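The values are calculated or read from the model by the stated rules, or taken from the named source; none is laboratory data. This one's a predicted model, so the numbers in the text were calculated from it and none came from an experiment. For neighbour counting, all protein chains shown are included, and Cβ atoms are generated from backbone atoms with ideal geometry for every residue, glycine included.
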Amino acid sequence: MNPILEYIKTQKPELAEFITVIDTLQTKDQEEATVLEDMQDEDAVELFDEESKVKPEAIQMKKLKSEILKLRQLVKVLKQEVYNESQLNHDLALAIGACKYCFGCDDDCNNCHGEGAPGFFVPDYIHYKELILPAIKKFNLHFNAKTNY
Ligand SMILES: [Zn+2]
């Protein structure tokens with residue numbers, strides 16, 4: 001498997017299905033490319049008549065188009081993943097009252113000037129209830145604690 005795909009699969013198990021499909025497509029294309037390369041051998045080409053000869057440039061073009069298609073599919077999947085992660089980051093920042101651009105880690109941030117650590121802004125009630133309260137409930141159950149902050 002392509003090392004980049006393998007890394008993404010390790011980091012994002014939820015994308016495993018997509019990555020397996022992409023890997024399968026790549027493997028299939030590599031096998032086809034091997035067959036086409038074999039066809040370029042002098043002996044193999046002589047088996048065809050003049051009209052059915054496949055030109056090496058055409059084979060190379062087909063391989064390149066196939067690679068471009070695979071890369072476009074990968075870019076599409078990765079763009080969607082970035083969008084999903086960005087949305088989750090945004091919602092989490094709202095839930096904990098942090099800067100949605102930097103979480104208070106960037107002194108040059110135009111939104112908070114590095115002050116937007118969790119709790120800097122008033123947390124958004126809906127996101128807090130959705131993302132933070134369940135964690136607090138589990139935390140209190142696990143550590144037998146009360147939330148007296
Ligand atoms: Zn900020």
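Some observations on this one:
- Qualifying residue in the stretch 76-92 (condition: more than 23 Å from the chain's Cα centre (by Cα), more than 13 Å from the ligand (Cβ to nearest atom) and modelled with pLDDT of 95 or more): no
- Among residues of the stretch 133-149 that are under 16 Å from I96 (Cβ atoms), those with a Cβ under 8 angstrom from a residue that is in a helix (DSSP H, G or I) and at pLDDT 90 or above, sequence gap 6+ or separate chain, pair up as T147/I136; T147/N140.
- Screening the candidates Q30, Q40 for the property of being at pLDDT below 95 and in contact with a Pro (Cβ under 9 Å, 6 or more places away or on another chain) yields one hit, Q40.
- The residue that is surrounded by the most Cβ atoms within 10 Å (Cβ to Cβ), counting only those in the stretch 96-118 that are within 8 Å of the ligand (Cβ to nearest atom) and on the phi > 0 side of the Ramachandran plot, is G104.
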